[in-house]
Amino acid sequence: MSTVKSDLNLAQTYASQLKNACQSLTAIAVASQDDLTTLQGNTKAHQCLTKDQNLASQITAAVTVTSERLHSVASDFEALDEAAANGFRSHA
């Protein structure tokens with residue numbers, strides 16, 4: 001028989017790692033645009049930079065929501081485990 005065990009500390013660790021990864025992604029996604037020169041590729045480069053920043057923001061938002069849900073589910077499991085343990089103790 002297998003054992004199911006929740007670990008709130010481990011979930012918090014993973015949630016923190018996801019949050020740190022999001023912060024790193026956001027920092028990398030910020031790039032400066034060349035607005036001083038009129039090189040032929042600048043317009044396309046500006047479009048690509050804007051698109052990349054938008055995608056990075058979307059990824060960050062999705063990972064942040066996932067991290068928050070991971071923490072929430074872990075907290076719910078922890079509470080359920082505690083309630084079940086208390087129920088078993090009262091019937092023992």
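Looking across the range 72-91, the residues that are in a helix (DSSP H, G or I) and surrounded by fewer than 11 Cβ atoms within 10 Å (Cβ to Cβ) come down to A83, A84, A85, N86, G87, F88, R89, S90.
Going by the structure shown, is N54 within 22 Å of the chain's Cα centre (by Cα), of a type outside the set (A, V, I, L, M, F, W, C) and surrounded by 10 or more Cβ atoms within 10 Å (Cβ to Cβ)?
In short, yes.
T38 fulfils the conditions (1) modelled with pLDDT under 80; (2) under 16 Å from the mean Cα position of the chain (by Cα) except for a single criterion, (2). Within the range 65-90, residues that are aromatic (F, W, Y) reach partners that are surrounded by 11 or more Cβ atoms within 10 Å (Cβ to Cβ) with beta carbons closer than 6 Å, at six or more positions or on different chains, in the pairs F77/S6.
Pairs linking a residue in the range 8-30 that is among the hydroxyl-bearing types (S, T, Y) to a residue that is assigned to a helix (DSSP H, G or I), with Cβ atoms under 7 Å and 6 or more positions apart or on different chains, are Y14/L70; T26/A56; T26/T60.
Kindly establish whether T64 is surrounded by 10 or more Cβ atoms within 10 Å (Cβ to Cβ), of a type outside the set (F, W, Y) and touching a Cys at 6+ places or on another chain (Cβ under 8 Å). Yes. Applying the criterion of being loosely packed, with under 12 Cβ neighbours inside 10 Å and among the polar types (S, T, N, Q) to the residues of the range 10-22, the residue that is farthest from the chain's Cα centre (by Cα) is T13.
The values are calculated or read from the model by the stated rules, or taken from the named source; none is laboratory data. Because the structure is predicted, anything quoted here is derived from the model rather than measured. Cβ: placed from backbone, ideal geometry, glycine included. Neighbour counts: every protein chain shown.
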